[in-house]
Amino acid sequence: MNTTQTTTALKGGEFLIRETQAHDIFIPEEWSEEQKMIAQTCLDFIKQEINPRLDEIDSMKHPELMPSLLEKAGQLGLLGTSVPEILGGFGMSFNTTMLVAEVLGGAHSFAVAYGAHTGIGTLPILYYGTEEQKKKYVPKLATGEWKACYCLTEPDSGSDANSGKTKAKLSVDGKHYLITGQKMWITNGGFADVMIVFAKIDNDKNLTAFIVEKSYGGITMNEEEKKMGIKGSSTRQIFFNDCKVPVENMLSERENGFKIAVNVLNIGRIKLGSGAVGGAKFAISKAINYSKERKQFGTSIANFGAIKHKIAQTIAHAFASESAHYRAGQNIDDAYDTYIASGMEPGKARLKSLEEYAIECAILKVHGSEVLDFAVDEGVQIYGGMGFSAEGPMDRAYRDARINRIFEGTNEINRMLTIDMLMKRAMKGTLDLMTPAMAVQKDLMSIPDFGASDDDAVFAKEKKVIANLKKAGLMVSGAAVQKFMMKLSEEQEVLMNLADMLIEVYVAESTLLRVEKLIGIRGEKACEIQKEIAMIYLHHAVETATNAGKQAIYAFAEGDEQRLMLMGLKRFTKIDPYNLKESRRKVANYAIEKGEYPF
């Protein structure tokens with residue numbers, strides 16, 4: 001595993017108030033040969049096992065096909081990357097498991113089955129199970145002998161997961177819990193051998209989690225759901241009617257189910273984002289190739305400026321999202337190592353490290369899924385009529401992408417969670433937002449600093465733009481808190497505006513840091529295209545953050561206060577003009593020459 005040179009690590013959410021140095025982050029260009037081999041194994045698996053059977057998978061005519069593909073992935077070790085060696089896995093770093101998720105993100109319905117099995121299906125047992133539970137279930141899940149699913153959502157409980165009505169009642173002899181209730185939208189439900197089921201015991205306020213084997217009986221299910229996309233993914237409603245679950249199959253403690261659900265979803269969120277980035281790369285590569293082949297007006301459409309614009313923008317977004325994902329993934333790995341060094345048990349250390357960066361996980365779920373949507377939408381447009389045809393690849397890519405903005409908590413929920421978690425940490429004193437927010441207020445009343453920065457340093461001006469974007473986020477967030485106080489949570493539109501500002505700060509900064517570090521390794525001349533990508537994305541981030549800031553200010557400020565804040569926003573979102581048309585053409589020409597997403 002590659003490690004990075006570290007200083008005092010940033011805590012989760014601290015990116016908003018502290019500067020990060022380029023040498024402190026991990027970048028994808030630092031993958032080891034072993035990690036590259038793992039990624040290649042995933043690519044080979046997609047080419048050999050998935051791509052030739054996409055129509056067959058989506059048809060669902062052969063229910064045994066998806067389980068057999070999971071078994072083949074298990075034979076290659078792809079289901080056990082997160083599992084410790086002692087339990088039959090490989091015990092890889094979190095960033096390595098993200099790399100696997102990214103590459104398999106281009107596998108359409110299989111990616112969904114894989115993610116549900118290895119993530120929310122396996123990890124609750126790995127992180128919360130007793131030693132006996134881990135030994136019984138995890139090795140078979142790691143090889144694919146047993147498949148897993150996760151039963152949380154109910155007809156009346158989606159985003160409000162803890163409101164589920166499924167009940168668990170202790171049997172008269174005290175040896176079993178009898179589970180009764182209905183679960184819906186259960187990925188892998190049609191073939192799972194092991195189910196993580198959430199229910200409330202008697203009149204408990206909070207959920208309890210159970211490990212349920214399909215063989216226990218008392219389980220029935222509806223036919224496979226007919227879906228817009230990911231048609232080859234098994235999605236069932238599952239009914240439990242006095243399903244007898246041994247008492248020793250309670251997972252963790254009574255009423256700890258909601259905490260399990262929340263913590264495991266942190267993992268699911270960032271890995272979903274990573275998989276979405278992988279899917280975006282596949283879509284971009286197909287669009288580039290088609291643009292070279294498709295002739296209009298006597299030339300390839302790849303030669304047209306409008307097409308180059310689309311290619312470059314999608315590449316910039318995917319590159320930026322990838323940069324942010326592996327920056328956060330390394331933070332999670334570093335935190336895990338620190339907890340382990342302090343003597344913490346590995347499962348607890350992994351959960352603690354993910355909990356620390358839950359803000360970043362929510363940010364990246366949103367960003368990655370929206371980058372994928374952007375890439376497939378532009379892919380359809382580049383394909384033109386063939387993009388709308390089921391004969392072309394963009395039809396499936398477009399439909400399959402859409403679920404990612406709903407999975408693992410909708411993007412709206414994740415945006416609001418981002419601000420909610422940030423504010424809670426500020427109130428607890430674990431994140432000092434007050435001091436920098438007050439400094440920004442003083443800054444607003446002072447004369448702007450027109451002093452020259454060290455323009456010889458890489459991205460000196462651009463880093464100042466990022467620093468000012470952070471000030472803009474603090475200014476608008478601080479004013480919103482003062483205005484609404486404890487009722488801020490009711491102002492969902494404002495929360496989403498604030499989240500958009502934070503998301504762009506984190507992703508744009510991650511992109512600049514990646515390119516800066518890469519320049520330090522390869523030299524500036526070798527990184528000209530990456531520099532252009534960083535500039536394209538930075539300008540997009542400033543534009544998005546400016547608009548989000550305006551919308552928030554318009555929503556709660558009036559008169560002189562509004563004018564002052566709009567002046568401050570204008571000041572903090574200032575960026576020098578840049579010929580983005582030429583930037584995009586350089587990036588697009590490079591990618592077109594390579595014939596694929598080139599990084």
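None of the figures in this text is laboratory data; all of them are computed from the coordinates on show. Keep in mind that this is a model prediction, so the values were computed, not measured. Positions of Cβ are backbone-derived with ideal geometry, glycine not excepted, and every protein chain shown enters the neighbour counts.
See the values below:
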read-out	value
Label point distance in nm, E412-Q551, each placed 7 Å from Cα along Cα→Cβ	1.2
Amide proton proximity set for I201, modelled H, under 5 Å, gap of 5+	A168, T208
Rounded to whole Hz, the Karplus (6.51, -1.76, 1.60) HN-Hα couplings of the stretch 88-96, x for glycine and proline	x, x, 10, x, 7, 5, 4, 4, 5
Highest average packing first - 123-136, 90-103, 531-544, Cβ atoms within 10 Å	90-103, 531-544, 123-136
Residues whose placed amide H lies under 5 Å from that of H176, excluding near-sequence neighbours	S171, V247
At q = 0.13, 0.17, 0.25 Å⁻¹, base-10 log of I(q)/I(0) for the stretch 150-251 (Debye sum, equal scatterers on each alpha carbon)	-0.43, -0.71, -1.41
FRET E, pair T180, F90, Förster distance 41 Å, beta-carbon r, rounded to 0.05	0.60
Computed E for K442/D173 - FRET, C-beta separation, R0 51 angstrom, nearest 0.05	0.15
In the stretch 534-599, lysine pairs with alpha-carbon atoms under 28 angstrom apart (chain gap of 8 or more, or interchain)	7
Overall dimensions of the stretch 257-412 by Cα: Rg and Dmax, Å	19.0, 68
Estimated distance in nm for a label pair at A306 and E132, the labels positioned 7 Å out from Cα along Cα-to-Cβ	6.8
Phi to ³J(HN,Hα) by Karplus 6.51 cos²θ - 1.76 cosθ + 1.60 over the stretch 116-126, Hz, x for Gly, Pro	5, 5, 7, x, 5, x, 9, 5, x, 6, 4
Distance cut-off 24 Å, percentage of C-alpha pairs in the stretch 431-594 lying past it	41
Magnitude of the charge dipole, the stretch 257-412, Cβ model with Lys/Arg +1 and Asp/Glu -1, debye to 20	420
Cβ-derived FRET efficiency at R0 22 Å, N289 paired with D44, nearest 0.05	0.65
Estimated distance in nm for a label pair at E29 and K487, the labels positioned 7 Å out from Cα along Cα-to-Cβ	5.1
Principal axis box of the chain, alpha-carbon based, largest edge first, Å	78, 61, 45
Cβ-placed point charges (K, R +1; D, E -1), dipole of the chain about Cα centre in debye, nearest 20	600
Vicinal HN-Hα couplings computed from phi for the stretch 365-382 (Karplus, 6.51 cos²θ - 1.76 cosθ + 1.60; Hz; Gly/Pro x)	4, 4, 5, x, 5, 7, 5, 4, 4, 5, 5, 6, 5, 5, x, 4, 5, 5
Largest to smallest principal axis extent of the C-alpha atoms in the stretch 14-147, angstrom	54, 39, 29
For the chain, with +1 on Lys and Arg beta carbons and -1 on Asp and Glu, the positive-most of S82, N468, M427 along the dipole	N468
Stokes-Einstein diffusion coefficient of the stretch 294-382, Kirkwood radius over Cα pairs, 4 °C, 1.567 mPa s, in µm²/s	83
Cα-based Lys pair tally, the stretch 14-147, threshold under 26 Å, eight or more apart or on separate chains	16
Full-extension gain in nm, N256 to Q75, via 0.36 nm per residue minus C-alpha separation	61.8 nm
